[in-house]
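> Okay, handing you the structure first.
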Amino acid sequence: MKKILALTLFVVLSATSAFAHAGHAHTYMGTVTMLHSSTQFMMKTTDGKDLTIDTTPKTSWLHADGHTAKASALAIGSRVVVKMNVNGKTAASVKISAPAKK
């Protein structure tokens, strides 16, 4: 009986932990390091990871002050905050800030 209870508890906990992170939209902060195309760029996050970000026509572009921006405003060295769609594959929004002062 104890084995059945332990096995059931293990299965239930394993199943819930497997789905605990699903549907979470990630946000990344960092600096643009490369422009691949009009729909893709690379950034270095604040924790030092390199990420390639894909955008779509539905991606919203904003300046740091909240005003609407265009994708063409993105430049190497720009600081960005990228909010990903729930699918984790494309950006929902990109907020562009001025390049860091040297």
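> May I ask for the net charge around Leu74, where only other residues with Cβ less than 14 Å from the Cβ of Leu74 are counted and Lys, Arg are +1 while Asp, Glu are -1?
Around Leu74, the charge tally is +2.
> Related question: Under Stokes-Einstein, with the Kirkwood radius over Cα pairs standing in for Rh, what whole-number D in µm²/s applies to region 23-80 at 37 °C and 0.692 mPa s?
This corresponds to a translational diffusion coefficient of 273 µm²/s.
Every number in this text was worked out from the coordinates using simple rules, so none of it is lab data. Keep in mind that this is a model prediction, so the values were computed, not measured. All Cβ positions, glycine included, derive from the backbone under ideal geometry; neighbour counts span all protein chains shown.
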